[in-house]
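Asks: Below you will find the structure I want to go over with you.
The values are calculated or read from the model by the stated rules, or taken from the named source; none is laboratory data. This one's a predicted model, so the numbers in the text were calculated from it and none came from an experiment. Cβ placement follows ideal geometry from the backbone for every residue including glycine, while neighbour counts extend to all protein chains displayed.
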Amino acid sequence: MNPVHSAGCLPTPGQMLLLKAALGDGPQALAAWESWMREEGLDHPDFGSFRLLPLVFRNLAAHGYQGAQFGTLRGIHRQAWSRNQVLFHQVRPFLEEARAAGTPLLLLKGAALAFQVYPDAGCRPMSDVDVLVPASAARGLWEKVESAGWRAACWRPRTLHESYFRFRHAMDFESPQGGRVDLHWHALSLCCHSRGDELFWQNAEPLEFQGLPVQTCSPTAHLLNLCAHGIVWNNAPPVRWIADAVLLLRRFPNPEWGRLVEASAALDIVPYMLRALAFLRSHFDVPVPVETLRLLERISISAAVAAEFGRESEPFAARTAREDLLAFYARWRRSLGGASPLLNSPGFLRYLQYAFELEGTPALATQLVRSALRRMTARQPSE
């Protein structure tokens, strides 16, 4: 399968079949699996589909499947379980460093959901463990784990200014043994401000991870995170957000829907939540209330947020320079937490610098000139 065609934020027809095999009941799951094998098969599944196979195994096994691929699926599940156990062991020292420093932390996404809503930890493959700490503690913990041998695995500026922690939301760290932690100081990439983190810290719940007592966020916050993070375009199709959300709503069928709507409006992420929740209700047996969707539909969104959502969900669609600028502006404005964009306008250039992962204003100016020239060249008629 062409990896570009299989990428995106919503599943392809083949991925939908696999989701039905992973989440459906009895005959529906078995029929979906047989259709997927005929149309796609196990020879070359895309990355997003492959990560669903351990859950497919557990679901089909629970419904008595003993077909020709049973042994292969069991091996894929066993491999995922083993890799997760290695990962959990590798990241435990990171969590111990945080606990020793007295830093509050929450487990987010896969590592928390694997223990809360999945049949077992092998059903939810992951390449890292997502951890949220207070923004005020991020720099200190960063320095502490670096001194312990962990290294930043993604771009970082040579100097960590305060603005970096204001305009970025997380950093991947890797241990000498290969374990990876995605250290968040803001829960959402869409909203780098404490207002976006409040829902995650409120009503936090206890969780045990490798014998360590930790915490995770409430089901309402989990659902917000899954929808806001999962519905954006990704090279590796993030279809497992759908499995995460369906299993979450089956385990916790009564999140605080009113609070979810209020948070979506307050954080200006309504189109993300509306598309994700509408998709879940339309295609899976989950208790998303119609009234919740109606309330979200009634909330007006700005041109900037509409441009940002278009850019995040369909990044290769044609758009104007104004639309791209509005998209960046929407993300930057959220980081202000309601403060005046006009009074804080100098920070927009620093935000763009971090968004393009550049060192300094001269590099940003060069990048913007190159972007403008590319647009001008693209508009010229071919001879």
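Asks: Examine region 283-299 for a residue that is of a type in the set (Lys, Arg), surrounded by fewer than 12 Cβ atoms within 10 Å (Cβ to Cβ), farther than 30 Å from residue 171 by Cβ and modelled with pLDDT of 95 or more, and state whether such a residue exists.
Replies: Within region 283-299 (the criterion being of a type in the set (Lys, Arg), surrounded by fewer than 12 Cβ atoms within 10 Å (Cβ to Cβ), farther than 30 Å from residue 171 by Cβ and modelled with pLDDT of 95 or more), the answer is yes, since at least one residue qualifies.
Asks: Turning to a different aspect of this structure: Count, please, the residues in region 234-258 that happen to be in a loop (DSSP other than H, G, I, E, B) and over 10 Å from the mean Cα position of the chain (by Cα). Can you show your working first?
Replies: Taking region 234-258 first, the residues in a loop (DSSP other than H, G, I, E, B) are 235-239, 252-256.
Right, trim to over 10 Å from the mean Cα position of the chain (by Cα) and you get 235-237, 239, 252-256.
Residues meeting the conditions: 9.
Asks: Considering 86, 56, which residue is surrounded by 20 or more Cβ atoms within 10 Å (Cβ to Cβ), among the β-branched types (Val, Ile, Thr) and either modelled with pLDDT of 95 or more or outside the structural domain of residue 110 (by TED's automatic domain parsing) (or both)?
Replies: On the way: 86 fails: surrounded by 20 or more Cβ atoms within 10 Å (Cβ to Cβ).
Step by step, each of 86, 56 is checked, and only 56 is surrounded by 20 or more Cβ atoms within 10 Å (Cβ to Cβ), among the β-branched types (Val, Ile, Thr) and either modelled with pLDDT of 95 or more or outside the structural domain of residue 110 (by TED's automatic domain parsing) (or both).
Asks: To continue, here is another question. Under 7 Å between Cβ atoms, which residue pairs at least 6 apart in sequence (or on different chains) link something in region 57-76 that is on the phi < 0 side of the Ramachandran plot with a partner that is of a type in the set (D, E, K, R) and modelled with pLDDT of 95 or more?
Replies: Within 7 Å, the pairs are 57/74.
Asks: If a residue has to be surrounded by 21 or more Cβ atoms within 10 Å (Cβ to Cβ), in a loop (DSSP other than H, G, I, E, B) and of a type in the set (D, E, K, R) to count, how many in region 96-139 make the cut?
Replies: 1
Asks: Related question: Go through region 224-233 and report how many residues are touching a Leu at 6+ places or on another chain (Cβ under 7 Å) and not in a helix (DSSP H, G or I).
Replies: Of the residues in region 224-233, 0 are touching a Leu at 6+ places or on another chain (Cβ under 7 Å) and not in a helix (DSSP H, G or I).
Asks: Related question: Given the conditions (1) out of contact with any Asp or Glu (no Cβ under 9 Å at 6 or more places or on another chain); (2) free of Cβ contacts under 8 Å to residues at least 40 places away in the same chain; (3) over 29 Å from residue 247 (Cα atoms); (4) not charged (D, E, K, R), and given that residue 293 satisfies all but one, which numbered condition is not satisfied?
Replies: (3)
Asks: Separate question: Where in region 262-341 are there helices (runs of 4 or more DSSP H), lying fully within it, with 1 or more residues that are in the same structural domain as residue 236 (by TED's automatic domain parsing) and under 30 Å from residue 24 (Cβ atoms)? I'd like the intermediate steps shown before the answer.
Replies: Details: elements: 270-283, 290-298, 303-313, 321-335.
Ranges flagged: 270-283, 290-298.
Asks: Cβ-Cβ distance below 8 Å, separation of 6 or more or different chains: which pairs start in region 312-331 with a residue that is under 23 Å from residue 188 (Cβ atoms) and end on one that is among the charged types (D, E, K, R) and not in a helix (DSSP H, G or I)?
Replies: So the pair list comes out as 330/268.
Asks: Could you grab me the full set of residues in region 167-205 that are over 19 Å from residue 228 (Cα atoms) and touching a helix residue (DSSP H, G or I) at 6+ places or on another chain (Cβ under 7 Å)?
Replies: 173, 175, 177, 178, 179, 181
Asks: I need the full set of residues from region 10-44 which are buried (at least 16 other Cβ atoms within 10 Å of the Cβ) and not in a helix (DSSP H, G or I), in order please.
Replies: Within region 10-44, 10, 11, 12, 24, 40 meet the criteria.
Asks: Here's a follow-up. Suppose we filter region 351-374 for residues that are surrounded by 12 or more Cβ atoms within 10 Å (Cβ to Cβ), on the phi < 0 side of the Ramachandran plot and either modelled with pLDDT under 85 or not polar (S, T, N, Q) (or both); how many remain?
Replies: 12
Asks: Between 214, 145, which is of a type in the set (A, V, I, L, M), at pLDDT 90 or above and not in a helix (DSSP H, G or I)? Give the steps one after another, and end with the answer.
Replies: On the way: 145 fails: not in a helix (DSSP H, G or I).
214 is the lone residue from the list that is of a type in the set (A, V, I, L, M), at pLDDT 90 or above and not in a helix (DSSP H, G or I).
Asks: Also, quick follow-up: If you take the residues in region 171-201 that are assigned to a loop (DSSP other than H, G, I, E, B), under 18 Å from the mean Cα position of the chain (by Cα) and small (Gly, Ala, Ser), which one is nearest to residue 92 (Cα to Cα)?
Replies: Of region 171-201, the ones assigned to a loop (DSSP other than H, G, I, E, B) are 175-179, 185-187, 189-190, 192-193.
Filter once more, keeping what is under 18 Å from the mean Cα position of the chain (by Cα): 185-187, 189-190, 192-193.
This time we only want the ones that are small (Gly, Ala, Ser), so: 187, 189.
Working: 187: 20, 189: 24 Å.
Applying the filter and picking the extreme gives 187.
Asks: While we're looking at this one, here's another question. Anything in region 19-58 that is among the small types (Gly, Ala, Ser) and touching a Lys or Arg at 6+ places or on another chain (Cβ under 6 Å)? List them, or say none.
Replies: Our first condition is that a residue be among the small types (Gly, Ala, Ser); within region 19-58, this holds for 21-22, 24, 26, 29, 31-32, 35, 41, 48-49.
The one that is among the small types (Gly, Ala, Ser) and touching a Lys or Arg at 6+ places or on another chain (Cβ under 6 Å): 32.
Asks: From the list 224, 190, which residue is under 30 Å from residue 307 (Cα atoms), aliphatic (A, V, I, L, M), surrounded by 19 or more Cβ atoms within 10 Å (Cβ to Cβ) and touching an Asp or Glu at 6+ places or on another chain (Cβ under 9 Å)?
Replies: Working: 224 fails: touching an Asp or Glu at 6+ places or on another chain (Cβ under 9 Å).
Of 224, 190, the one residue that is under 30 Å from residue 307 (Cα atoms), aliphatic (A, V, I, L, M), surrounded by 19 or more Cβ atoms within 10 Å (Cβ to Cβ) and touching an Asp or Glu at 6+ places or on another chain (Cβ under 9 Å) is 190.
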